[in-house]
Amino acid sequence: MRYSKTFIPTLRDDPADAEITSHKLMVRAGLLRKAASGVYTWMPIGLRVLRKVENIVREEMDNAGCLELLMPALQPAELWKQSDRWFAYGEEMMRLVDRHQREFCLGPTHEELITSIAKEIHSYKDLPKCFYQIQAKYRDEIRPRFGVMRSREFIMKDAYSFHATQESLDETYQLMQKAYARIVERCGLSYRVVKAAGGLIGGAVSEEFMVLADAGEDVVVHCENCGYAANLETASSKWHASGENEAREARKKVHTPNKSSINDLAQFLDIPKTSVVKTLIYKTGDSTVAALVPGSKEINPHKLASALGVGEVSLFSKEDFEKRPDIIQGFVGPIGLMNAKIVADNSLRSLSNFVVGANEVDHHFVNVNTESDFSADVWADLVFAEEGEACIDCDHGQLEGVRGIEVGHIFQLGTKYSSKMDAKYVDDAGREQLFIMGCYGIGVSRMVAAAIEQRNDERGIIWPKAIAPFDIHLMNLTKDEAGLKAADEIYNQLLDKNEVLYDDRLLSPGIKFTDADLLGLPVQIIVGKKFAEKKMVEIKIRETQKRYDVEVDKLSDWLTALDEN
C-alpha cells in the first residue's frame, strides 16, 4: 500500500482525554477516532489490525470444531426476562423501546439468544455442539475510559457449547482453554491464565486470560513456586492472625466510647487489629447478610456473593440502616443479631478471644469465640489475598502481584440458562434432559489495545508481526530519478511475500522516521544515501532498534532468513 494512496492521519500530541498508553498511541497513530464517549471509528490502518486478530481467533475456533454464526445485536426483552437477567444486569444494559412499545436491548452478551436457538437440537446424537460469532457488543459503562479497553461498543468473539454430560463439557472446556492460549500466543503476547469469578455470566468453573501490562485494570496474584494464579476476586492465601488457638476466656461487654473504627478500637483496647472482627452488613435481594472478617483484612464482595450463591451483594446504605434501627452502624456484631444471615471468614474458626460490636452504641464484646458465643450460617474464604502471603497451593511459595488486562474469559455454565429457558434434548432413553452449557468470550478489540500496552516505547507502537497492519515500512528518502525508480522496484519485489506500507510522500526524512516509529511496523527499510553510494538499503528492526546495511539484490534472502529466525 502506497502511503499517498491510503489514509493514516497521525498526530504529534496525545489526545486530551487519553489516560493510558494504548489509547494515546491508537489515536496518534491513526488507528481510532472518537465518535462519542466510549464509541470509536476504526480507521483503515486500525481495521487491518482488528481483522488480523479476528482471523487468528476464527482459525482457532474453526480448528476446535466450532460453528460460526451471526446473531443480532438487537435482542428482545422476553428472552432476558426468561433468564431473570433483564433487571439483574443493571444499568449497563442498553435498553430501548420500538414504535410498538416492545422492549429490546443492544446485546452485552448472547447466552439467552443462543439458548433459544439450541432448542432446535433435539437429540443427544447431535451433541456436543459449539457455536461462535464475532460481532459488536454494547455496555453502557458509567465511565467509559481507556479507549477501546473500556468502551460502550466493542468487538468480541463469544462462543457457546451444548452438552449431554459434564464429561463432555469438561472436554470442550479444555479444548477451548488450549485454543485461547494459542490465540494469545499467536498474537505475540505474554499472558497468564488465572482462576476467576463467574460474575453476571455465571458458572462454577471460570478462568481468565490476562495479558500482562503495567496499565492493566486487574491484579493477578500468582506463585512462582507452583504456578498458582488467580485474579484478585478469587485469589486465596494461607495467612495467620495473632490470637489463634489461645485458651478461651469468658465473654464480657465493655464500654468503647466513640470507638467505631478498627484502628481506634484496637488502640483503645491495646490489641492487634487481627483480634478485632468487623461485621459488615450487606443486602442481596430482600435478604440481610452480616459478613465477619478480621479487622486487619479487607472483605472481598465477590467471594461473599459466591459463598451466598448470588450474583452480587451491596453494602447497606444510610437508608437501609434507617429501616433497620436494631442494626447500629459502627457497633454491629453477630451476637443477638436478628433477621440476618451470618457469613464468617474461615480464619475465625481458629481465632480465640476476639472483639465484635455489641449492637449497642459505644459498646463491644471482648473474648468472643465461635460456637460458644455465636454460630455462623455459612463459613467461607471472604478476604482479599495479599502480596507476600503464603501460597494456598504449595508449602514454600509466596504470592506476588502483577497487573493484567483481561482479554479472554471461559466459563462452565452448567444448566443455569437451559433450566430457566426450558432448553432440552432427548437422551438415549427417550427422556428430556436439560442442556449442559459452556461459554467462551474473547475481546477482539481489547486484544489490540492490550498488545500496544505490552509492546511500546517512547517512540510509539511495537507491533508483533502476526497482527501488525503491515509487515514492512518502506521509506524512500531519495529525490533523484534513479532512487525513485529503485524504491518502486523494491516495493514491487517485496509485495510477492510481504504486506508493505510504502512511504512515497514528498516529506522530510524526519517526519517519515517519526511516523514510522509511531506506527511500529516490525521492519523498516530505508532507501537513502547508501543506495546512491553502494546500492544498499538500511534495515531497522523496530523492536530492537538494530540497523543493518543490506545489498539490494540480497534483500529478499535477508528478509527470508529474518523470518526463519
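Read the figures in this text as sums done on the coordinates, not as results from a lab. Quick caveat: nothing in here was measured; it's all calculated off a predicted structure. Because the Cβ atoms are built from the backbone with ideal geometry, glycine has one as well, and the counts that use them run over all protein chains shown.
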Filtering GluC sites (Glu not before Pro) in segment 394-498 by DSSP loop and by at most 15 other Cβ atoms within 10 Å leaves 458
Once amide hydrogens are built 1.01 Å from N within the peptide plane, the residues lying 5 or more places from residue 220 or on another chain with amide H under 5 Å from its amide H are 402, 403, 404
Contour minus Cα-Cα span, residue 36 to residue 458, at 0.36 nm per residue, comes to 149.1 nm
Quick numbers on segment 306-436, Rg and Dmax over C-alpha atoms in Å, give 21.7, 66
To the nearest 10 degrees, the tilt of helix 509-519 (Cα long axis) against the first principal axis of the alpha carbons of the chain is 40
Check: C-alpha center segment 365-422 vs C-alpha center segment 317-352, spacing in Å is 20
The extension gain from residue 98 to residue 553, computed as 0.36 nm times the residue separation minus the Cα-Cα distance, is 157.3 nm
In the chain the cysteines whose Cβ sits 4.7 Å or more from every other Cys Cβ are 105, 187, 439
Cα-based Rg/(2.2 N^0.38 Å) for segment 252-380, rounded to two decimals, is 0.98
Expressed in angstrom and ordered largest first, the alpha-carbon extents of the chain along the principal axes are 97, 65, 50
Sequence order, segment 477-482: Karplus ³J(HN,Hα) from phi using 6.51 cos²θ - 1.76 cosθ + 1.60, θ = phi - 60°, Hz rounded, Gly and Pro as x, gives 9, 7, 10, 7, 4, 5
Given backbone amide H placed at 1.01 Å from N, residues whose amide H is under 5 Å from that of residue 520, ignoring those fewer than 5 places away on the same chain, are 461
Asserting the computed 222 nm helical MRE of the chain (DSSP H runs at least 4 long, -39500 (n - 2.57) per run, divided by residue count, to nearest 500) equals -7500 deg cm²/dmol
The pairs in 24/497; 297/318; 34/157 lying past 26 Å Cα-Cα in this model are 24/497
